[in-house]
Amino acid sequence: MTIRELIQQPHVWMTAGQESATVVSSRVRLARNLAGAAFPGWAGELECYRVWRQLNGLLAELPTLRPLVATGMEELSDLERGLLFERHLISGEQAGKGRGSGVALREDESLSLMVNEEDHLRMQALLPGLSLRECWRRINAVDTELEGRVTYAFAPDWGYLTACPSNIGTGIRASVMLHLPGLTLMNELEPIMKGIQKIGLAVRGLWGEGTEANGNMLQVSNQITLGETEDQIVAHLEQIALEIVEYERSARERLLEKREAVLRDHVGRAVGILTQAHLLSSKEALDWLSGLRLGIDMELIRNLDRQVVDELFLLIQPAHLQWREGRRLKPAERDAARATLVRERLKSAMKRRPRSTNNE
């Protein structure tokens, strides 16, 4: 399978998982560097290329990564890089890399490895729903297999050495992607997020650091990587995620009980705008798709599958839109193409199911 073929398949987090009404996906990432080699930020292109060639050959041998798709960044077009970024398979920094950097993916996209991003290796497991423990199990298996073939940069007092001091120690970043429209509509999201930050967790938008919570989607991840074991870090984040799930569930129940008109109006506007609009910005589309997802989860919309909506969260992104259209699109053209895609997908999906909605 090539990168082009891989991109055409559904993304891994689009299937239902545990607590998937609130926890869209889980991810566990490990940062590792090779002993005796300069970190990517200090290495020249030739040394980075040597590391990429070495690791590319080794990754192809790992049983946990088969079947594997791997490519150097210089072999990818700007559009392909954008597609991988939008699918959360590479970072924005990796998308800007050239010769000497690469990406290796298992074909089902549940495991991906960036080579020579900020560190020699950024390895991640990504699964739907609340799957932190399984993500950790899978990426730990990859790490164990690889550690039997290379020597990592490691110090007894500090643990795994990383380019950024905030990752030193275990090198682990665990995160959950949360959909929190109930807390937003009840005006309760901000104090909860502030409380989460006070206990040492980071809160980011849909596309990571520096991005907004469009579509009521937020990433919550650990910040402490030194002084705790990987199991402790994963277990702590899982506990917090379950608490947030309960907060969101309570907010949705109270919305229906005390602000039913507001809830039905929000869901109804989402249905109306998304099935009729001819221009949609990315932010507007994400926000209304969030309302649609809420309506489905609360059974206010019964003639539409959540998976259709989850697919649209990805397909409306700029690179995926241009991939579908087969050409580069100006911003205004993207807004028109986005609206057409959403409108047609929703109308087609609703026709395929018996009409049963409390939203009329």
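The values are calculated or read from the model by the stated rules, or taken from the named source; none is laboratory data. Nothing here was measured: the structure is a model prediction, and the numbers come from that model. Ideal geometry is used to build each Cβ from the backbone, glycine not excepted, and the neighbour counts take in all protein chains shown.
Quick grid of which residues meet (1) free of Cβ contacts under 8 Å to residues at least 12 places away in the same chain; (2) within 30 Å of Ile172 (Cβ to Cβ):
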{"position": "Glu246", "(1), (2)": "yes, yes"}
{"position": "Leu256", "(1), (2)": "no, no"}
{"position": "Gly268", "(1), (2)": "no, no"}
{"position": "Trp288", "(1), (2)": "no, no"}
{"position": "Glu299", "(1), (2)": "no, no"}
{"position": "Val308", "(1), (2)": "no, no"}
{"position": "Phe313", "(1), (2)": "no, yes"}
{"position": "Gln317", "(1), (2)": "no, yes"}
{"position": "His320", "(1), (2)": "no, yes"}
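Find all pairs meeting these conditions: Cβ atoms under 7 angstrom apart; at least six residues apart or on different chains; first residue within region 2-31 and in the same structural domain as Pro128 (by TED's automatic domain parsing) and at positive phi; second residue of a type in the set (A, V, I, L, M, F, W, C) and at pLDDT 75 or above.
Here the result reads Glu19/Leu130; Glu19/Val245, each pair linking region 2-31 to a residue that is of a type in the set (A, V, I, L, M, F, W, C) and at pLDDT 75 or above.
Taking the conditions exactly as written (surrounded by fewer than 18 Cβ atoms within 10 Å (Cβ to Cβ), more than 24 Å from Leu84 (Cβ to Cβ) and either more than 27 Å from the chain's Cα centre (by Cα) or of a type in the set (D, E, K, R) (or both)), does Glu333 satisfy them or not? Steps first, please.
On the way: surrounded by fewer than 18 Cβ atoms within 10 Å (Cβ to Cβ): yes; more than 24 Å from Leu84 (Cβ to Cβ): no; either more than 27 Å from the chain's Cα centre (by Cα) or of a type in the set (D, E, K, R) (or both): yes.
No: the conditions fail for Glu333.
Based on this model, can you work out whether Val245 counts as of a type in the set (A, V, I, L, M, F, W, C), assigned to a helix (DSSP H, G or I) and not assigned by TED's automatic domain parsing to the domain that holds Ile316? Reasoning before the result, please.
Working: of a type in the set (A, V, I, L, M, F, W, C): yes; assigned to a helix (DSSP H, G or I): yes; not assigned by TED's automatic domain parsing to the domain that holds Ile316: yes.
Considered against the rule, which asks whether it is of a type in the set (A, V, I, L, M, F, W, C), assigned to a helix (DSSP H, G or I) and not assigned by TED's automatic domain parsing to the domain that holds Ile316, Val245 comes out as yes.
Which of the residues spanning region 84-143 are β-branched (Val, Ile, Thr), in contact (Cβ under 8 Å) with a residue 40 or more places away in the chain and not in a strand (DSSP E or B)?
Our first condition is that a residue be β-branched (Val, Ile, Thr); within region 84-143, this holds for 90, 103, 115, 139, 142.
From what is left, the residues that are in contact (Cβ under 8 Å) with a residue 40 or more places away in the chain are 115, 139, 142.
Selection gives Ile139, Val142.
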